[in-house]
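Structure first, then comments.
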Amino acid sequence: MKSRFWVYIVASKSGTLYIGMTNNLDRRIAEHKQRAVPGFTAKHNCTRLLWLEEHSDVRDAIAREKQIKGWLRAKKIALIESLNPPWEDLAEHLGAEMSLQVTCNANNVQKFNE
């Protein structure tokens, strides 16, 4: 079975952003939604999955997470809107359909790799 690592952005309804990385997206998003882990996302109610990107190498995922965390807010918003212009909660669409959408949109994020 192929290893999968996810870099993702969750947000609160007021627009507070959090960038994270996980090897179990379903579990991690459930933790955010239930505010099960004390910390930034629980305190700021960051429960909506707005953007995600799959990686097969954990080092690539960690590097990408750090890269995005270093960006200005405007660039993070542009990244979200490249995949999800209406800022819908993508967790509602997780599964085979979402995996296909992420794969199809992978080319759209290439311009954000710099």
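Where a number appears in this text, it was derived from the coordinates with a stated rule and is not lab data. In this text the structure is predicted, and so the values were computed from the model without any measurement. We place every Cβ from the backbone using ideal geometry, glycine too, and count neighbours over all the protein chains shown.
Overview of results
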{"read-out": "Cross-link reach list, lysines versus Lys75, counting only Cα pairs under 22 Å and skipping chain neighbours closer than eight places", "value": "Lys13, Lys66, Lys111"}
{"read-out": "Cα-projected label distance for Glu31 with Ser14, points at 7 Å along beta-carbon direction, nm", "value": "2.4"}
{"read-out": "Rounded to whole Hz, the Karplus (6.51, -1.76, 1.60) HN-Hα couplings of the stretch 15-29, x for glycine and proline", "value": "x, 5, 9, 9, 10, x, 9, 8, 9, 9, 5, 4, 4, 5, 5"}
